[in-house]
Every structure is written in structure tokens, then in C-alpha cells.
């Protein structure tokens, strides 16, 4: 019976460790694209958008749609990441709630971007759509 309890205890510890690792990774302000290098990240996005704009050879009518698209696709700035010490003071269910809240925020931001892509894509010619598809798939391959 003692061996059984020890195994259950070790499994529980492993589950807790695996469950808190993503929270701590998200809480590290130096990690990820919005961390310490967020200025460079924003510059890369602007550069890619400028290149895409030039490659698409947009008509004056499409420029309005482009401006709307590029505004909606801009990074929203620093994410609302909790402080590491704040996370450490929370119980596991509270940390999980924080993670769920952050995921919902990210999902709503993604929904706005999906709608922006659909709106802009609809005003493009078939040739422009192909180029747009190629550009988006190129950046996803990394």
C-alpha cells in the first residue's frame, strides 16, 4: 500500500509541474515575441506589411481596404501577463483561471484578425489572392 501511495504522490507532483510550466513560461517577460525584443518584432511586422503592399500592386480602390486591414493586423502591444510573484502566490485553480482568461483574450484578438483578412481578401483579384496566400504560408513555415 505504501508503494501505491508513493506512486500516486509522484504522479500528482508531475501533473502539477506540467500544469504550471506553461503559466510560468507565459509570465516570463523576456520570452516570446512580445518580450524584450518587442520593438524589433513590431519593426519586422511593418517591414513585411510594406513588402506585401508593394508586391500586391494595389489599386486606389483597394487602398482603403488595405489601410483597414493593416490597422487591424497591428500587434496590440504588451500583453496582460501576470507578474511571476503574483502567479507564485496563487493556488493551482486560480493560476488555471488566469491562463484561461489570457487564452480568451488571445482568441478574441485572433477573431478580429481573421475577419480583417477575410474582408481584405475579398477585394483582391485572383492573382493578388495567390500572392497573398503565398506570403502568408511563407511566414508560417518557420
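The values are calculated or read from the model by the stated rules, or taken from the named source; none is laboratory data. Source: prediction; values computed, not measured. Methodologically, a virtual Cβ is constructed for each residue, glycine included, from the backbone with ideal geometry; neighbour enumeration extends over all protein chains shown.
List every residue pair whose Cβ atoms lie under 9 Å apart, where the two residues are 6 or more positions apart in sequence or sit on different chains, the first residue falls within segment 60-82 and is at positive phi and at pLDDT below 85, and the second residue, located anywhere, is part of a loop (DSSP other than H, G, I, E, B) and surrounded by 10 or more Cβ atoms within 10 Å (Cβ to Cβ).
Within 9 Å, the pairs are 77/34.
For segment 107-142, give me each residue that is more than 23 Å from residue 61 (Cβ to Cβ) and at pLDDT below 90.
137, 138, 139, 140, 141, 142
Looking only at segment 117-137, count every residue that is farther than 14 Å from residue 49 by Cα and surrounded by 11 or more Cβ atoms within 10 Å (Cβ to Cβ) and tell me the total.
Of the residues in segment 117-137, 8 are farther than 14 Å from residue 49 by Cα and surrounded by 11 or more Cβ atoms within 10 Å (Cβ to Cβ).
Considering only segment 72-79, I want to know if a residue exists there that is assigned to a helix (DSSP H, G or I) and exposed (fewer than 13 other Cβ atoms within 10 Å of the Cβ).
no
Please specify each residue of segment 41-50 satisfying the condition of being within 17 Å of residue 133 (Cα to Cα) and either free of Cβ contacts under 8 Å to residues at least 40 places away in the same chain or in contact with a helix residue (DSSP H, G or I) (Cβ under 6 Å, 6 or more places away or on another chain) (or both).
If the condition is that a residue be within 17 Å of residue 133 (Cα to Cα) and either free of Cβ contacts under 8 Å to residues at least 40 places away in the same chain or in contact with a helix residue (DSSP H, G or I) (Cβ under 6 Å, 6 or more places away or on another chain) (or both), then 45, 49, 50 are the ones that fit.
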